[in-house]
Amino acid sequence: MITKIVLHNFMSHRYTVIEPANGLTVLVGENNCGKSAIVTALQILSQNTSGDYMVRHGEKECKIVVETDEGHVVEWKRVSGTVSYTLNGNPFHRLGGGVPDELHKLLRIPLVQSQGGEDFDIHFGEQKKPVFLLGE
């Protein structure tokens with residue numbers, strides 16, 4: 001289980017630390033306060049999404065750090081268009097848009113392959129697609 005999420009220069013978050021309560025399933029807050037950015041950060045961390053839209057305006061780098069209850073620390077960093085991961089202190093570079101194999105062993109949030117051969121995400125519901133699993 002995720003026990004801490006730290007966002008540095010990620011979208012609307014200059015520096016945010018979140019320590020979710022045990023069993024957290026919902027984020028609640030005012031409109032435009034960064035709730036969706038937190039979910040996006042976890043998606044990017046688990047899938048290494050391409051693009052630079054996640055870097056806070058005016059900054060050159062952003063970082064996501066996640067800690068688990070098993071003591072694992074996972075870091076995703078984007079600096080000047082280059083992405084790297086650090087898993088429990090071990091650096092991973094030149095991933096070609098992929099993720100380190102060890103990542104999904106630590107976080108347990110991989111994409112799932114359907115019978116049709118397409119990968120899709122069962123862990124994060126899209127904001128504008130509340131019944132996404134029925135459509136997939």
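The values are calculated or read from the model by the stated rules, or taken from the named source; none is laboratory data. Keep in mind that what you see is a predicted model, and the values were worked out from it rather than measured. Reconstructed Cβ throughout: ideal geometry from the backbone, glycine too, with neighbour counts over all protein chains shown. Quick note on the areas: whole protein, heavy atoms, side chains included, nothing else; ligands and nucleic acids left out. Shrake-Rupley method; radii C 1.70, N 1.55, O 1.52, S 1.80 Å.
Can you tell me how many residues in segment 9-23 are open to solvent by 40 Å² or more (accessible area, probe 1.4 Å) and of a type in the set (Ser, Thr, Tyr)? Walk me through how you get there before you give the answer.
In the first step, residues of segment 9-23 are kept if they are open to solvent by 40 Å² or more (accessible area, probe 1.4 Å); the result is 11-12, 14-15, 17, 19, 21-23.
From the residues that got through so far, the ones that are of a type in the set (Ser, Thr, Tyr) too are 12, 15.
So the count comes out to 2.
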Q: Name every residue in segment 1-21 that is closer than 16 Å to residue 107 by Cα and not in a loop (DSSP other than H, G, I, E, B), in order of residue number.
A: 2, 3, 4, 5, 6
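Each row is one residue, and each column tells you yes or no for (1) in contact with a strand residue (DSSP E or B) (Cβ under 6 Å, 6 or more places away or on another chain); (2) open to solvent by 60 Å² or more (accessible area, probe 1.4 Å); (3) among the aromatic types (Phe, Trp, Tyr).
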position: 7; (1), (2), (3): yes, no, no
position: 25; (1), (2), (3): no, yes, no
position: 28; (1), (2), (3): no, yes, no
position: 33; (1), (2), (3): no, yes, no
position: 39; (1), (2), (3): no, no, no
(Q) Quick test of your reading of the structure: residue 63 fulfils all but one of (1) open to solvent by less than 70 Å² (accessible area, probe 1.4 Å); (2) part of a loop (DSSP other than H, G, I, E, B). Name the failing condition by number. (A) (2)
Q. Exactly one of (1) modelled with pLDDT of 85 or more; (2) open to solvent by 50 Å² or more (accessible area, probe 1.4 Å) is unmet by residue 47. Its number?
A. (1)
Q: Filter segment 22-60 down to residues that are in contact with a Lys or Arg (Cβ under 8 Å, 6 or more places away or on another chain) and either in a loop (DSSP other than H, G, I, E, B) or without any contact (Cβ under 8 Å) to a residue 12 or more places away in the chain (or both) and give me whichever is farthest from residue 102 (Cα to Cα).
A: 29
